[in-house]
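Q: Got a structure for you, written out below as structure tokens; questions coming shortly.
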Amino acid sequence: ERVITDNAWTYRKSTAFRQAVAELGAGQRFIRPHCPWTNGKVERFNRTLQTEWAYRQVFTSNTERDHALAPWLTFYNTRRRHTALAGQPPISRLSPKS
């Protein structure tokens with residue numbers, strides 16, 4: 001529904017980014033200037049991504065790293081327990097489609 005980013009030039013001025021958001025059918029929102037805590041969820045995700053995936057093993061190529069990302073994201077969203085969700089994975093927050 002929405003893509004929220006910080007106020008970096010690449011998000012504000014990039015026509016490619018704007019087009020990608022439009023193709024998703026999403027709205028583009030920005031955090032308030034000088035309020036990085038607004039972006040706390042993504043900052044925490046980036047930290048987890050680094051410690052549990054990017055730096056956990058040695059990748060010998062970008063192709064190898066690329067192939068390893070999708071399975072890790074699936075694990076992160078469907079099986080990894082999240083403290084903020086009372087030990088449930090993020091997928092548990094979605095309601096089943098009727």
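Q: Just a yes or no: is a residue in segment 1-11 in contact with a helix residue (DSSP H, G or I) (Cβ under 6 Å, 6 or more places away or on another chain), surrounded by 10 or more Cβ atoms within 10 Å (Cβ to Cβ) and of a type in the set (D, E)?
A: Yes, some residue in segment 1-11 is in contact with a helix residue (DSSP H, G or I) (Cβ under 6 Å, 6 or more places away or on another chain), surrounded by 10 or more Cβ atoms within 10 Å (Cβ to Cβ) and of a type in the set (D, E).
Q: I need the full set of residues from segment 1-11 which are assigned to a helix (DSSP H, G or I) and either in contact (Cβ under 8 Å) with a residue 12 or more places away in the chain or basic (K, R) (or both), in order please.
A: We begin by selecting, within segment 1-11, every residue assigned to a helix (DSSP H, G or I); these are 9-11.
Within segment 1-11, just Y11 meets the criteria.
Q: Still on this structure, I have one more. Please pick out the residue among R65, R56 that is outside the structural domain of T10 (by TED's automatic domain parsing) and assigned to a helix (DSSP H, G or I). Talk me through it step by step, then tell me what you get.
A: Numbers: R56 fails: assigned to a helix (DSSP H, G or I).
Selected residue: R65, the only one of R65, R56 that is outside the structural domain of T10 (by TED's automatic domain parsing) and assigned to a helix (DSSP H, G or I).
Q: Which pairs have Cβ atoms under 6 Å, sit 6 or more apart or on different chains, and link a residue in segment 39-64 that is within 19 Å of P90 (Cβ to Cβ) to one that is of a type outside the set (D, E)?
A: Between residues of segment 39-64 that are within 19 Å of P90 (Cβ to Cβ) and residues that are of a type outside the set (D, E), the close pairs are N39/I31; W53/W72.
Q: Taking segment 27-53, which residues are over 21 Å from Y76 (Cβ atoms) and not basic (K, R)?
A: Step one: of segment 27-53, the residues over 21 Å from Y76 (Cβ atoms) are 27-38.
The answer is G27, Q28, F30, I31, P33, H34, C35, P36, W37, T38.
Q: Kindly indicate whether any position in segment 19-34 is without any contact (Cβ under 8 Å) to a residue 40 or more places away in the chain and in contact with a Leu (Cβ under 9 Å, 6 or more places away or on another chain). Can you show your working first?
A: Restricting attention to segment 19-34, the residues satisfying the condition of being without any contact (Cβ under 8 Å) to a residue 40 or more places away in the chain are 19-34.
Subset that is in contact with a Leu (Cβ under 9 Å, 6 or more places away or on another chain): none.
Within segment 19-34, none of the residues are without any contact (Cβ under 8 Å) to a residue 40 or more places away in the chain and in contact with a Leu (Cβ under 9 Å, 6 or more places away or on another chain).
Q: Now, a different point. Looking only at segment 12-28, count how many residues are surrounded by 10 or more Cβ atoms within 10 Å (Cβ to Cβ), out of contact with any Asp or Glu (no Cβ under 8 Å at 6 or more places or on another chain) and outside any helix (DSSP H, G or I).
A: Looking only at that region, the number is 2.
Q: Kindly provide the set of residues from segment 34-80 that are within 26 Å of A8 (Cβ to Cβ) and among the charged types (D, E, K, R), ordered by number.
A: First pass over segment 34-80, keeping only residues within 26 Å of A8 (Cβ to Cβ): 34-55, 62, 65-66, 69-70, 72-73, 76-77.
Within segment 34-80, K41, E43, R44, R47, E52, R65, D66 meet the criteria.
The values are calculated or read from the model by the stated rules, or taken from the named source; none is laboratory data. Keep in mind that what you see is a predicted model, and the values were worked out from it rather than measured. Cβ sites come from the backbone with ideal geometry, for glycine too, and all protein chains shown count toward neighbours.
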